[in-house]
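Working notes, structure below.
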Amino acid sequence: MEKNLERIKATELQDRVVTAQEAAAWIQDGMTLGLSGFTRAGDVKAVSYALVERAKTENFKVNVFTGASLGSDVDRLFAEAGIVNKRLPFQADPAMRKAINAGDMYFLDHHLSHTAEWIRTGAIEPIDFAIVEALSITEDGMIIPTTSVGNSSIFVKHAKNIIVEINTAQPETFEGIHDIYDAGTQGERDPIPLTSVDQRIGTKGIPVDMERVRGIVFNHQDDSPSTIMAPDLDTKIIADHLLNFFRSEIEAGRLTEKLAPLQSGIGTVANAVLHGMIDSEFEHLEVYSEVLQDAVFDLMDAGKVDFASCCSITLSEPKMEQVFSEFDQYRDKIIMRPQEISNHPEVVRRLGLIAINTALEFDMYGNVNSTHVSGTKMMNGIGGSGDFARNARLAIFVTKSTAKDGKISSVVPFAAHVDHTEHDVDVVVTEQGYADLRGLAPRQRVEVIIENCVHPDYRPQMREYYEEALTRGGQTPHVLEKAFSWHESLAKNGTMLLKKEQLV
């Protein structure tokens, strides 16, 4: 314990060390919690487990606000314990997803940059307890985050009470890579003075009012590893198509071989697309994103990425072991920021990002569904993809052209749920090819999407649908009574692929 106390350099706080169980006992039914954690990194662990244990003998529900998804099985355990009333702004756990779609909890899916704004204005429930993971607390009362910043700084600033969970498993070499900046109140704030990816504009830790620190808990547990899969043939082909698009932009004089700062969404496909750049001619790359996954560090190791800005580091188990044990070689190449800064429209537009995010499906006019399977069942949430797509220099969405062994087409006549309208989508890519939609009218977009992105098995029925739609006229022709027929076929027959007689 004495060695652990060395991490509380603000000595006036050393007498506030409590057990996780004691801290969890302060949480009452109906409260709102602001928990650190962003995509399985830097999440609160010990206090969360203690809350789940309490639920075995007590009935209570709380609102759970985070940065993004929680690791360490916290989202799963919360869902199974039935202690969540409302969850926001993102999750990625199957058990929680099941509870959301069953109506057992409320889920507020919204842009990741918006949570901080809502907390400032009081548009959502006030935070009763901010519970945040930390490396340490400095002498002047700054919380040094661990592997994510997320919404921790806004939670700490506005919460009525604060619990700090110091994780001694996290390497202290992380101290110094964080850059905490508060945008300020809307209508009164100055421009965010960030003009380059590697620029520092804030403090190395989260300033905290020590009077509101109710307790400090110690924990020793690594983050959960990411669940990304290794690149496969289809994702490699998608990456190759995207690289060819970049080459065409260079040839047209719109980009150089340094490209522009890259943003990449979470998940297997997005990680694989970045990974495909390792053997390319592109170099001196910069990354300005939410999450740094394996591919970014592989690109650093290959000498391709010079600098990366993020709000979270989420790695596979072997990559985590390698990076964290050798972190000194990455320290000067990384900055971690609050998510409202990493995702801020002002900064995204100023830096001119290339945003690469994953679609569940998109339709023949370029509308993208990122969240809802068959238009009704929540998958994970919109995350930050909307923050970037609306404001990036290039908004690119990638997906395989089919799913479930070809039973589902990821390109459909009409997206069953629209998160990103055709107005916010520049390029769509599948393993079949890419479609550059910029400057194209709706009917022109249909032609390039069918020709370049739709799987060959589905092209005949897509053309059949579109030809019938053309007879109805309109700026964006549709056969309204058949617009969701592919989704209906999936529900009834287990496949979107129609029989030949159905194409007549």
Hey, quick one: spin label on Asn493, modelled 7 Å out along Cα-Cβ, who in the range 393-434 has an amide N within reach, i.e. under 17 Å?
403-414
Which semi-axes, in whole Å and largest first, does the equivalent ellipsoid of the range 281-389 have when worked out from the alpha carbon gyration tensor as the square roots of 5 times its eigenvalues?
28, 17, 14
What is the helix-to-structure angle for 459-470, meaning the angle in degrees between its Cα long axis and the longest Cα principal axis of the chain, kept from 0 to 90 and rounded to the nearest 10?
80
For the range 414-504, state which trypsin sites (Lys or Arg not before Pro) are in a DSSP loop and have at most 11 other beta carbons lying within 10 Å of their beta carbon.
Arg438, Arg472, Lys499
Please find the FRET efficiency linking Lys204 to Glu283, where r is the Cβ-Cβ separation and R0 is fixed at 22 Å, and quote it to the nearest 0.05.
0.15
Quick calc: nm separation of the 7 Å Cα→Cβ label points for Glu139 and Asn101 -> 5.5
What 222 nm value per residue comes from the helices of the chain, counting each DSSP H run with n ≥ 4 as -39,500 (n - 2.57) and dividing by all residues, nearest 500 deg cm²/dmol?
-7500 deg cm²/dmol
Quarter of the surface of the C-alpha convex hull for the range 191-322, i.e. direction-averaged projected area in nm², equals 11.1
May I ask you to compute the full-extension gain from Glu117 to Glu53, defined as 0.36 nm times their residue separation minus their alpha-carbon distance, rounded to one decimal in nm?
19.8 nm
Percent relative contact order of the chain, based on C-alpha pairs within less than 8 angstrom and at least six residues apart?
13
Rank Ala81, Ile216, Gly474 by how far each Cα sits towards the positive end of the charge dipole of the chain (+1 on Lys, Arg Cβ; -1 on Asp, Glu Cβ) and give me just the farthest.
Gly474
Per 5 Å bin from zero, what fraction in whole % of the C-alpha pairs of the range 188-247 is there, up to the bin with the longest pair?
4, 9, 8, 8, 10, 13, 15, 14, 8, 6, 4, 0
Projected onto their principal axes, the Cα atoms of the range 370-423 stretch, largest extent first, over whole-Å spans of 34, 20, 18
When the convex hull of the C-alpha atoms of the range 126-236 is computed, what volume per residue in Å³ does it have?
183
Of Lys258/Lys333; Lys236/Lys333; Lys407/Lys492; Lys98/Lys236, those spanning more than 23 Å from alpha-carbon to alpha-carbon
Lys236/Lys333; Lys98/Lys236
For Lys160, give me every one of the lysines with a C-alpha distance below 28 angstrom, ignoring sequence neighbours fewer than eight places off in its own chain.
Lys9, Lys45, Lys56, Lys61, Lys86, Lys204
Compactness index (Cα Rg / 2.2 N^0.38 Å), the chain:
1.00
Quick one: if the Förster radius is 25 Å, what FRET efficiency do Glu346 and Lys160 give, using the C-beta to C-beta distance and rounding to 0.05?
0.25
Fully extended, how many nm does the chain gain between Glu451 and Glu317 (0.36 nm per residue separation, minus their Cα-Cα distance)?
44.3 nm
Report, in debye and to the nearest 20, how large the dipole of the range 411-504 comes out about its Cα centre when Lys and Arg carry +1 and Asp and Glu carry -1 on their Cβ.
260
Would you calculate the volume per residue, in Å³, of the smallest convex hull containing every Cα atom of the range 1-147?
119
When the convex hull of the Cα atoms of the range 325-427 is projected onto a plane and the area is averaged over all directions, what value comes out in nm²?
8.8
Stretchable slack from Arg189 to Arg443, in nm (0.36 nm times residue separation minus alpha-carbon distance)
87.2 nm
Ranked order, Val429, Val18 - accessible area, probe 1.4 Å, largest first
Val18, Val429
So for R0 = 60 Å, FRET eff. of Glu211-Thr376 from the Cβ-Cβ r, to 0.05, ends up at 0.80
With the convex hull built on the Cα atoms of the range 375-475, state its orientation-averaged projected area in nm².
7.1
State the Cα centre-to-centre distance between the range 301-362 and the range 7-37 in whole Å.
29
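The values are calculated or read from the model by the stated rules, or taken from the named source; none is laboratory data. Since this is a predicted model, take the numbers as computed values, not measurements. We place every Cβ from the backbone using ideal geometry, glycine too, and count neighbours over all the protein chains shown. For accessibility, only protein heavy atoms count, side chains too; no ligands or nucleic acids. Shrake-Rupley method; radii C 1.70, N 1.55, O 1.52, S 1.80 Å.
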